[in-house]
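Structure record follows, encoded as structure tokens.
Derivation of every value follows stated rules applied to the coordinates shown; laboratory data play no part. Model, not experiment: these values are computed from the prediction. Neighbour counts run over all protein chains shown; Cβ positions are idealised from the backbone, glycine included.
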Amino acid sequence: MLDLTSAAYPSPLPAGGNLAEAERLMTICNACRYCEGLCAVFPAMELRRAFTPGDLNYLANLCHSCGACYYDCQFATPHEFAVNVPQTLAAVRADSYAAYTWPRFFSGAFRRNGLTISLAAALSVAGFMMAFMALNDPAVMFGTHVGQGAFYKIMPHGAMVAIFGAAFLYSLLALAMGFRLFWKDVSPSAHAVSLWEAVKDASQLRYLDGGGVGCMNENDKPRDRRRLYHHLTFYGFWLCFASTTVATIYAYGFGWHAPYRITDFPVVLGTVGGIGLVIGPIGLLLAKRQRDPAMVEASQTGMDTGFIVMLLLTSITGLLLLVLRATPAMGTLLALHLGFVFGFFVTMPYSKFVHGIYRFGALVKYAAERKAS
Amino acid sequence: MPDFTRRFDVLIIGGGNAALCAAISARRAGASVLVLEGAPKFYRGGNTRHTRNMRCAHDTATQHLTGPYTEDEFWDDLKRVTQGHTDEELARFTIAQSKEMLSWIGEQGVRFQPPLGGTLSLGRTNSFFLGGGRAMLNALYLTAEALGVEVVYDAEVTDLDIDDGVFLSATAVFGGQSVNVRAGALVAAAGGFEANIEWLKQYWGAAADNFLIRGTPYNRGTILRMLLDHGVQEVGDPTQCHAVAIDARSPRFDGGIITRLDCVVFGVVLNKHAERFYDEGEDFWPKRYAIWGRLIAGQPDQIAYIVFDAKSLNAFMPSLYPPITAPTIRELADRLELDPDRADATIAAFNSAVVPGSFDHTILDNCRTEGLTPPKTHWALPLDTPPYYAYPVRPGITFTYLGTRVNRDARMIMNSGKPSANMFSAGEIMAGNVLGRGYAAGIGMTIGSVFGRVAGRTAAMTVRN
């Protein structure tokens, strides 16, 4: 009699490795398809019958971790099929960040990413502090400066532009190279892209809403607010970025130098953005702590927390600098703020920041696939 | 933990779609409601966990339904699939009520979506739950609990105190404790008995040991048995169950939708003697879907093998397990532990009987065999393109037909013909009233919702009067 339970057949039970587990799950999900209305991952899955590592990396980066499919799944643990798509795709996603890292020898940065980010931030802050102390007379460093160019009494404008310009350009290069690797992996053959659809999907976080019911984080109740907190963080970040850009135009185009008045455009943008960038990350950190342990991919916790805390420290020091800029604390706060901003910039290619780049890439691919099918 | 010293207005036994619809409607009618679910929280909801849609009549297309599905058309479909084994009054009542169910279920928090990939044929008639049956259950539980319905999981009801058709109390065991639960009315929505192999064996003998149960292992029919033993009139053929062909490698229980195989039309089906035994090209899904479970149950050892070739590998929905494959029919037979000579002879005989035609799996095409017994009357293509593939299949039991007779208030009818004073049933436990035979996709959920809602409302009214 044929033994139908033996190892003679490939088993649907967990095998080794995150990609193998993701492949197992996608085979199960593709035979079920109940979740296809929840997000983009399952319709993208349905366009395939077999899953290459590139396909799985694409699906993993397409997943927004809304959690709905975990609570909707009739085959989740304790069922013997042990389906847990959010957790598995989070693990594949984290692996993919390391795999796309440029240059290669920095890929280890993702292994203990919380530590990497903390060290980078600490070194960066310490560097600015020590340089300011060494290069400035204590009377200047701890003095009160007001009026145009006050910040540059601590750090010359040219030096600031040179250091941050170089860090930013390096990070852009590293991110671009990483994206190139990602795109080669998930799209081995060239195809049309659909940028505008992807911009809309990303800017609305269309797939962080459980298909319209809402996200799930703590339990099966769709009361999660991560979408709101992410919007606050994301748009807060861009407002701060816009503030810096406007200030640069002011400086080079019009010769108007910081600090600006409270009602000036760069300060308004930075303040509104900064407040978003305080509330958003705090909300995301709390949501992370409350997340159902069943869905948590433990290896990713340090990376997530490191990145969110970095954003939070950047915004808090920025707002403090605004409030206390006319006091003797300005020099110290400037060093702190610039330290965190610099640390943030240089670690962009080696932190959770990359999730935005790869997820956007995945959305671009998905929009094109949807159009073609 | 609920206060068991009190007397509840309505006790609901079961935790699926019918039970929750009853709980919500009884609570909305002002009753205090206790739900005793026999399964642990994850497995709550019986076979509703594995469902994905419900069939409701509607006069116009909607956001998610591609066209109208009138009451008359629904009735025609029901008459056809049951071959007349239905109670026309209750069936027409179900269909009429189903029209309201789409919006009523939506008001209870359940969301719908367009038909799933691979199910376009149901896009006009059936409404699909966003996220499937477990998502539907989650929404119903959320609503029920917000309304103040009390739910206890892992609560096995071991005895019912029924006196002359009047429900008095139930004995439930949970957490190692036995508790007497008193209530003014009972709604039994605890499913069928398909997971009770011993019970199935009464009708199927040892063959039932080779049956796989597609749904919940908790539908053991204990409540149904108690009710029948207390004089409730039975309905539906006790010997029958709905069976489809599913992958033989599936778990004994709860494999759900992902173990189904619908590739019979693309090849031939062999039994353990490597012989064909039925026309694989007889009809379309869903008719063939529903007959093959029964056919395999009738074969030796209740096992069969769907054999096809490389031409058809990607022609049907992917399933959970990969097919078994080999470069020749003989080697394939070897892997399946079939006699290679006989397998080879069967396939050779089939191939030489195939007459040329133009293959089209969307119509009853002209690809057929000539002079072969049994014939393959449509979609017959020679198996000549290696590698060759096979899926081992067994009968997968979906549900049983035996149930409690009810009237249109969902009130149970006693053997005397008198309606019970305060006992109601809804869902699979009474589906046999409407669906005495056969199956149409999504109709179980319709019966469950319609009778659950009626049962809850009527039970609440009964208690208050």
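Taking other residues whose beta carbon is less than 12 angstrom from the beta carbon of B:Ser319, and scoring Lys, Arg as +1 and Asp, Glu as -1, yields +2.
Across chain B, Cα pairs under 8 Å and at least six residues apart give a relative contact order of 24 percent. The sum of -39500 (n - 2.57) across all DSSP H runs of n ≥ 4, divided by the residue count of the protein assembly as shown, sets its helix-only mean residue ellipticity at 222 nm to -14000 deg cm²/dmol.
Out of every Cα-Cα pair that the protein assembly as shown contains, those further apart than 55 angstrom amount to 24 percent. Placing dummy labels 7 Å off each Cα toward the beta-carbon, the span from A:Thr301 to B:Asn366 is 6.9 nm. Near B:Asp159, the amide H atoms lying under 5 Å from its own belong to B:Thr171; only residues 5 or more places off or on other chains count, and H is placed 1.01 Å from N. With semi-axes defined as the square roots of five times the eigenvalues of the C-alpha gyration tensor, the equivalent ellipsoid of the range A:274-373 measures 32, 18, 13 Å, largest first. Note on B:Glu100 and B:Phe284: the model spin-label points, each 7 Å out from Cα along the C-beta direction, lie 3.3 nm apart.
Counting only other chain Cβ atoms within 10 Å of each residue's Cβ, the peptide A:212-222 averages 3. Quick one: which residues, 5+ away or cross-chain, put their amide H under 5 Å from the amide H of B:Val187? H built at 1.01 Å from N. Here the answer is B:Leu11, B:Ile12, B:Ile13, B:Phe424, since their amide H atoms fall under 5 Å of that of B:Val187.
Each residue in B:Arg44, A:Arg289 was given a count of other beta-carbon atoms within 10 angstrom of its own, and listing them fewest first yields A:Arg289, B:Arg44. When +1 charges are put on Lys and Arg Cβ atoms and -1 charges on Asp and Glu Cβ atoms, the dipole computed for the range B:243-396 relative to its Cα centre reaches about 380 debye. Paramagnetic label reach from B:Asp161 (point 7 Å along Cα→Cβ; backbone nitrogen cut-off under 12 Å): within the range B:1-41, residues B:7. Partner shielding of B:122-132 amounts to 4, given as the average count of beta-carbon atoms from other chains within 10 Å of each residue beta-carbon. Label-to-label distance, A:Ile262 versus A:Gln148, with points set 7 angstrom from Cα along the beta-carbon direction: 2.2 nm. Scalar couplings 3J(HN,Hα) for the range A:85-91, obtained by applying the Karplus form with A = 6.51, B = -1.76, C = 1.60 to θ = phi - 60°, are 5, x, 5, 5, 5, 5, 5 Hz; x denotes Gly and Pro. Between the Cα long axis of helix A:157-186 and the first principal axis of chain A there is an angle of about 10°, rounded to the nearest 10. Against chain A, whose longest principal axis is taken from its Cα atoms, helix A:226-249 shows a tilt of about 40°. Computed packing ranks the peptides B:48-55, A:77-84, A:145-152, B:167-174 as B:48-55, B:167-174, A:77-84, A:145-152, most packed first, by mean other Cβ atoms within 10 Å. Ordering B:Glu370, B:Glu337 by the number of other Cβ atoms within 10 Å of each residue's own Cβ, fewest first, gives B:Glu370, B:Glu337. What angle, in degrees between 0 and 90 and rounded to the nearest 10, separates the Cα long axis of helix B:132-147 from the longest principal axis of the Cα atoms of chain B? For B:132-147 against chain B, the angle is about 10 degrees. Highest mean packing first, where packing is the average number of other Cβ atoms within 10 Å per residue, the peptides B:434-447, A:173-186, B:290-303 line up as B:434-447, B:290-303, A:173-186.
Evaluate peptide A:54-64: per residue, the Cβ atoms of other protein chains within 10 Å of its Cβ; return the mean as an integer.
The shielding value for this peptide is 0.
Across chain B the C-alpha pair distances fall into 10 Å bins from zero in the proportions 4, 20, 29, 23, 14, 7, 2, 0 percent. Which value, in Å to one decimal place, does the Kirkwood hydrodynamic radius take for the range B:1-139 when every pair of different Cα atoms is included? Hydrodynamic radius (Kirkwood, Cα only) of the range B:1-139 equals 16.6 Å.
Annotation: for a label point projected 7 angstrom from Cα along Cα→Cβ of A:Phe168, residues of the range A:233-265 with backbone N closer than 11 Å are A:241-249.
If you take all other residues with their beta carbon under 13 Å from the beta carbon of B:Ala206, and give Lys and Arg +1 and Asp and Glu -1, the sum is -2.
Extension gain for B:Thr385 to B:Lys311 (0.36 nm times residue separation, less C-alpha to C-alpha distance): 26.0 nm.
GNM, chain A, Cα, under 10 Å: largest mean-square fluctuation among A:Ser189, A:Ser351, A:Ser107? Of A:Ser189, A:Ser351, A:Ser107, the most mobile in the Gaussian network model is A:Ser189. Peptides B:23-34, B:391-402 ranked from most to least packed give B:391-402, B:23-34, packing being the mean of other C-beta atoms within 10 angstrom over each peptide's residues. Size descriptors for the range B:365-465 (Cα atoms only): Rg and Dmax, in that order, 22.9, 72 Å. Couplings 3J(HN,Hα) for the range B:270-282, derived from phi with the Karplus relation 6.51 cos²θ - 1.76 cosθ + 1.60 (θ = phi - 60°), are 10, 8, 5, 8, 6, 10, 6, 9, 7, 5, 6, x, 5 Hz, where x marks Gly and Pro.
Backbone geometry of the range A:104-116 corresponds, through the Karplus equation with coefficients 6.51, -1.76 and 1.60 at θ = phi - 60°, to 3J(HN,Hα) couplings of 3, 5, 8, 5, x, 4, 7, 6, 10, 5, x, 5, 4 Hz, x marking Gly and Pro.
Taking a sphere under 15 Å around the Cβ of A:His191 and counting the other residues whose Cβ falls inside, with K and R at +1 and D and E at -1, yields a net charge of +1.
Bridge orientation summary for the protein assembly as shown: considering DSSP beta bridges with both residues in this region, about 70 percent are antiparallel. In the elastic network of chain A, a GNM with C-alpha springs shorter than 10 Å, the most mobile of A:Pro266, A:Pro349, A:Pro156 is A:Pro156.
Pairs exceeding 20 Å between alpha-carbon atoms, taken from A:Lys200/A:Lys365; A:Lys371/B:Lys311; B:Lys41/B:Lys201; B:Lys79/B:Lys376; B:Lys201/B:Lys272: A:Lys371/B:Lys311; B:Lys41/B:Lys201; B:Lys79/B:Lys376; B:Lys201/B:Lys272. When restricted to Cα atoms, the range B:243-396 yields an Rg and a Dmax of 14.2, 42 Å, respectively.
Remark: relative contact order (the range B:215-374) = 20 percent; criterion is Cα-Cα distance under 8 angstrom and separation of 6 or more residues.
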